[in-house]
Amino acid sequence: MRVLAAMSGGVDSAVAAALAVDAGHEVVGVHMALSRNRDQFRTGSRGCCSIEDAGDARRAADVLGIPYYVWDLSERFEDTVVADFLAEYEAGRTPNPCVRCNEHIKFEALLDKATALGFDAVATGHYARVVTRDVPDPSAPGGTRPVRELHRSPNTAKDQSYVLAVMGPERLARAIFPLGGFASKDEVRAEAARRGLSVSAKPDSYDICFVADGDTQGFLRERLGARPGEIVDAEGAVLGEHDGAYAFTVGQRKGLRIDRPAPDGRPRYVLDVQPARNRVVVGPAELLSVDRVEAGAAVWFDGARPAPGEWVDAGVQVRAHGAPVPARVRAVEGAPEGPEQGMEVALTGAPLRGVAAGQSVVVYDGTRVLGQATVDRAYRAAAAPTATGAG
């Protein structure tokens, strides 16, 4: 196959490209330039897609003996990932930019361009597995058809199936994850060192790539401006002031700038962000607990969508590195293929805390990813709905 290897300049993508070469594919490396600031540099482990990263990716491609290009996707990145990040926070929601980057950049802009240029697939350094199995084919009695499934990585500490779930079956069909068999990052680094790749000891990047200094609130304030407002308790009593409700997320405990302690002396958390009133509501931890989630823009993988009206037992995860919890899940009817499809989740075990509108909820059957959707509302079924997503 002709494979386009996305090379970020890190060790994971370099080893993924090397393994694609080993598999006999015709591999071309490409680095995505995502920052409009061509002079942007990394700050230790913060930031990515910088000048240094492009250079590291080029050196890795030279060692592998593959062609290498830099594609400028900075405008697309700004208009989709960064714009969504700002709009979601401004609306009182909590976005996940890594999910949006996979959706709009790596498995839309990059993959679509690769397909237009005649490539069969895109290889990335994500930690996830693709399993192909045969299932009965209703259109051919007695016959079968192959189904590609997205599964967790055996490296549970680095598993990225959560942020990949948004890609859906059509894009999964043209994706390769060569690191799917690695059980630890140390194994990947050792593989890079064995091949003479200079990135073998390069630190991992973390946090939000376009907020290289890690100051998310500062980034939001610079882009959205100061908007002073009130911090109140669940009864509406004013406890303090803020510079912008957009800088707070449901479940947040630190940085609340509350003038006086709670009467019972316990910590308080953000319960709701109300952009229309420019108000942040805080309260005790128990008011964060939810056992039902309504989500939209649902994506289901091939053969995983429940039948109309059917509840299925599954595990659901609402944070990239959170633990799955038992639940019953069903699809909300809509067009067969379209963003108006929804998902309902009813937790069957302990409630979750701090589920915010804008987060991704990913549905698992064991290690297999069944589907994904974006949280619109989370609440306790036995009580009045929380204000999550009410804004």
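Looking at this structure, is LEU347 more than 26 Å from ALA285 (Cβ to Cβ) and modelled with pLDDT of 95 or more?
Numbers: more than 26 Å from ALA285 (Cβ to Cβ): no; modelled with pLDDT of 95 or more: yes.
No; evaluated as a whole, the condition is false for this residue.
Answer yes or no as to whether LEU197 is open to solvent by less than 60 Å² (accessible area, probe 1.4 Å), among the aliphatic types (A, V, I, L, M) and within 25 Å of ALA378 (Cα to Cα).
Details: open to solvent by less than 60 Å² (accessible area, probe 1.4 Å): yes; among the aliphatic types (A, V, I, L, M): yes; within 25 Å of ALA378 (Cα to Cα): no.
So LEU197 fails the test.
Taking the conditions exactly as written (in contact with a strand residue (DSSP E or B) (Cβ under 6 Å, 6 or more places away or on another chain) and in contact (Cβ under 8 Å) with a residue 60 or more places away in the chain), does ALA192 satisfy them or not?
Values: in contact with a strand residue (DSSP E or B) (Cβ under 6 Å, 6 or more places away or on another chain): no; in contact (Cβ under 8 Å) with a residue 60 or more places away in the chain: yes.
When the stated conditions are applied, ALA192 does not pass them.
Given the conditions (1) under 15 Å from GLY358 (Cα atoms); (2) surrounded by fewer than 18 Cβ atoms within 10 Å (Cβ to Cβ), report the number of the one that THR249 does not fulfil.
Tallying (1) under 15 Å from GLY358 (Cα atoms); (2) surrounded by fewer than 18 Cβ atoms within 10 Å (Cβ to Cβ), THR249 fails exactly one: (2).
Scan region 84-133 residue by residue and report those that are open to solvent by less than 10 Å² (accessible area, probe 1.4 Å), part of a loop (DSSP other than H, G, I, E, B) and touching a Leu at 6+ places or on another chain (Cβ under 6 Å).
TYR127, ALA128 - these are the residues of region 84-133 that are open to solvent by less than 10 Å² (accessible area, probe 1.4 Å), part of a loop (DSSP other than H, G, I, E, B) and touching a Leu at 6+ places or on another chain (Cβ under 6 Å).
How do the pairs read when you match residues in region 150-170 that are more than 18 Å from GLY322 (Cβ to Cβ) with residues anywhere that are in a loop (DSSP other than H, G, I, E, B) and among the acidic types (Asp, Glu), using Cβ under 7 Å and keeping only pairs 6 or more apart or on different chains?
PRO169/ASP302
This table checks each residue for (1) surrounded by 15 or more Cβ atoms within 10 Å (Cβ to Cβ); (2) out of contact with any Phe, Trp or Tyr (no Cβ under 7 Å at 6 or more places or on another chain).
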position: PRO154; (1), (2): yes, yes
position: LYS158; (1), (2): yes, no
position: TYR162; (1), (2): yes, yes
position: ARG174; (1), (2): yes, yes
position: ALA183; (1), (2): no, yes
position: PHE219; (1), (2): yes, yes
position: GLY225; (1), (2): no, yes
position: PRO228; (1), (2): no, yes
position: GLY240; (1), (2): no, yes
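Determine which member of the set ALA323, ALA304, ALA357, ALA373 is closer than 21 Å to HIS126 by Cβ, outside any strand (DSSP E or B) and open to solvent by less than 30 Å² (accessible area, probe 1.4 Å).
Values: ALA323 fails: open to solvent by less than 30 Å² (accessible area, probe 1.4 Å); ALA357 fails: closer than 21 Å to HIS126 by Cβ; ALA373 fails: outside any strand (DSSP E or B).
From the options ALA323, ALA304, ALA357, ALA373, the qualifying one is ALA304.
Within region 33-69, how many residues are assigned to a strand (DSSP E or B) and at pLDDT 95 or above?
Filtering region 33-69 for residues assigned to a strand (DSSP E or B) gives 33, 43, 46, 68-69.
From the residues that got through so far, the ones that are at pLDDT 95 or above too are 68-69.
Number satisfying all stated conditions: 2.
The values are calculated or read from the model by the stated rules, or taken from the named source; none is laboratory data. None of these values were measured; they are calculated from a predicted model. No Cβ is skipped: glycine too gets one built from the backbone with ideal geometry, and neighbour counts run over all protein chains shown. Heavy atoms of the whole protein, side chains included, go into the accessibility calculation; ligands, DNA and RNA do not. Shrake-Rupley method; radii C 1.70, N 1.55, O 1.52, S 1.80 Å.
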